[in-house]
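Peer 1: There's a structure below that I have some questions on.
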Amino acid sequence: MTSPIDKRVASHVRTYRSRGFDCLCGNLRMASRALTALYDGYLAPSGLTSGQLPVLWCVIASEPLSLREIADWLVMDKTTVSRNVAALADMGLIALGAGPDARVKLASSTPKGRKAFADAMPRWKAAQAHVEKKIGRPDFLRAVTDTKRLARKVQGGAQRA
């Protein structure tokens, strides 16, 4: 016997299939997985991942930075920032120091981190060029601009029903 909940779920699935995959979040996540795999492949020889590079980049661009500042710059939750910062610190690419009070840690790059960043940049540029070639320069530039704008507009806007 099928429960009312099962029937409702089945109805939503049928509706979803008939409309196609037009969920913005789902499509962005799908694109993100594809891009992450591509960029990780290009970055692998540098020892950095596509998740670690923006954190290191952010630190180098404006060091020292608190973990909260990194999270704000990258529109990333604090747990993910902490995990990436810990990995970069374990690799010797960033150093963590005391902030203005005991609750704040400040991240700064190390010479090894700056070298890893310099080694990763040509690989990142190659990944960028690969994607640009695949989708064309106008679509590439529009995608970069639109996704950056989208992230900033919806940042912190989570609502619960």
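Peer 1: Give a quick list of trypsin sites (Lys or Arg not before Pro) in the stretch 88-161 that DSSP marks as loop, anything other than H, G, I, E or B, with at most 12 other Cβ atoms within 10 Å.
Peer 2: Values: sites: 103, 105, 112, 114, 115, 123, 125, 133, 134, 142, 148, 149, 152, 153, 160; in loops: 103, 160.
Loop-located and lightly packed - 103, 160.
Peer 1: Something else now. Roughly how many Å² is the accessible area per residue of the chain, as a whole number, for a 1.4 Å probe?
Peer 2: Computed with neighbouring chains in place, this is 69 Å² per residue.
Peer 1: Classify the stretch 34-100 as rounded, prolate or oblate from the Cα gyration tensor: take a ≥ b ≥ c as the square roots of its eigenvalues, call it rounded if a/c is under 1.5, otherwise prolate when a/b beats b/c and oblate if not.
Peer 2: Working: a/c = 2.14, a/b = 1.59, b/c = 1.35.
Prolate, because a/c is 1.5 or more and a/b exceeds b/c.
Peer 1: Something else now. Under a 1.4 angstrom probe, counting protein chains only, how are 82, 109 ranked by accessible area, largest first?
Peer 2: On the way: 82 50, 109 15 Å².
Output order, biggest surface exposure first: 82, 109.
Peer 1: Give me the one-decimal nm value for the distance between modelled label points at residue 137 and residue 7, 7 Å along each residue's Cα-to-Cβ direction.
Peer 2: The answer from the label model is 5.9 nm.
Peer 1: After finding the eigenvalues of the alpha carbon gyration tensor for the chain, what semi-axes result from the square roots of 5 times each, listed largest first in whole Å?
Peer 2: 35, 23, 15
Peer 1: On to the next question. Which net charge results for the neighbourhood of residue 155, defined as the other residues with beta-carbon distances under 13 angstrom from its beta-carbon, given Lys and Arg at +1 and Asp and Glu at -1? Write out the running numbers ahead of the final one.
Peer 2: Details: positive: 148, 149, 152, 153; negative: 72, 77.
Computed value for this residue: +2.
Peer 1: Between residue 35 and residue 130, with labels modelled 7 Å along Cα→Cβ, what's the label distance in nm to one decimal, could you check?
Peer 2: Distance between label points: 1.4 nm.
Peer 1: Return the calculated 222 nm mean residue ellipticity for the chain, to the nearest 500 deg cm²/dmol, obtained by summing -39500 (n - 2.57) across DSSP H runs with n ≥ 4 and dividing by the residue count.
Peer 2: Details: 7 runs with 110 residues, N = 161.
Taken over the chain, the calculation gives -22500 deg cm²/dmol.
Peer 1: Roughly speaking, what is the centre-to-centre gap between the stretch 47-63 and the stretch 104-139 when only Cα atoms are used, to the nearest Å?
Peer 2: So the two Cα centres are separated by 8 Å.
Peer 1: Let me check I've understood the local charge: for residue 82, count other residues with C-beta under 11 angstrom from its C-beta, Lys and Arg +1, Asp and Glu -1. What total comes out?
Peer 2: Details: positive: 68, 78, 83, 105; negative: 77.
For residues surrounding residue 82, the net value is +3.
Peer 1: Can you tell which of 76, 30, 121 shows the greatest fluctuation in a Gaussian network model of the chain with Cα springs below 10 Å?
Peer 2: Of the options given, 30 has the highest mean-square fluctuation.
Peer 1: OK, next. Could you tell me whether the stretch 70-161 comes out rounded, prolate or oblate from its Cα gyration tensor? Rule is a ≥ b ≥ c as square roots of the eigenvalues, rounded for a/c under 1.5, then prolate if a/b exceeds b/c, otherwise oblate. Could the numbers behind the result be given before it?
Peer 2: Numbers: a/c = 3.10, a/b = 1.24, b/c = 2.49.
It comes out oblate by the Cα gyration axes.
Peer 1: At 1.4 Å probe size, with the rest of the protein present, what percent of the exposed accessible area of the chain is carbon and sulfur atoms?
Peer 2: Numbers: 6510 of 11050 Å².
Using a 1.4 Å probe with all protein chains present, the chain comes out at 59 percent carbon and sulfur.
The values are calculated or read from the model by the stated rules, or taken from the named source; none is laboratory data. Just so you know, these numbers come straight off a predicted model, no measurement behind them. Cβ coordinates were reconstructed from backbone atoms using ideal geometry, including for glycine residues, and neighbour counts include every protein chain displayed. Just the protein is used for accessible areas: all its heavy atoms, side chains included, with ligands, DNA and RNA removed. Shrake-Rupley method; radii C 1.70, N 1.55, O 1.52, S 1.80 Å.
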